[in-house]
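Values quoted throughout were computed directly from the atomic coordinates according to the rules given, and no laboratory measurement underlies them. Note that the structure is predicted; figures quoted are calculated from it, not measured. Glycine gets a Cβ as well: all are built from the backbone with ideal geometry, and neighbour counts include every protein chain shown.
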Amino acid sequence: MANAKNKYKIAMEHALQGVVYHLVQDCAKELVGLVVEDVTAYHLALMETKKSVLVMPA
């Protein structure tokens, strides 16, 4: 009986580790996506600023 409980406990720990791993992975992917969006927006705004500076007479 104790052996069956240990196997069940190990199986549950592995299942929980899998769930946590996927949650962390999904959160990391979402966070990276948000950072990429922000960096892209900042880069585009910077490029627009540079264009307007280059067009202005000295």
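A few comments on the model shown:
- Of the residues Leu31, Met12, His43, the one whose Cα sits farthest towards the positive end of the charge dipole of the chain is Met12 (charges of +1 on Lys and Arg Cβ, -1 on Asp and Glu Cβ, taken about the Cα centre).
- Note on Tyr42 and Tyr21: with the Förster distance fixed at 35 Å, the Cβ-Cβ geometry gives a FRET efficiency of about 0.65.
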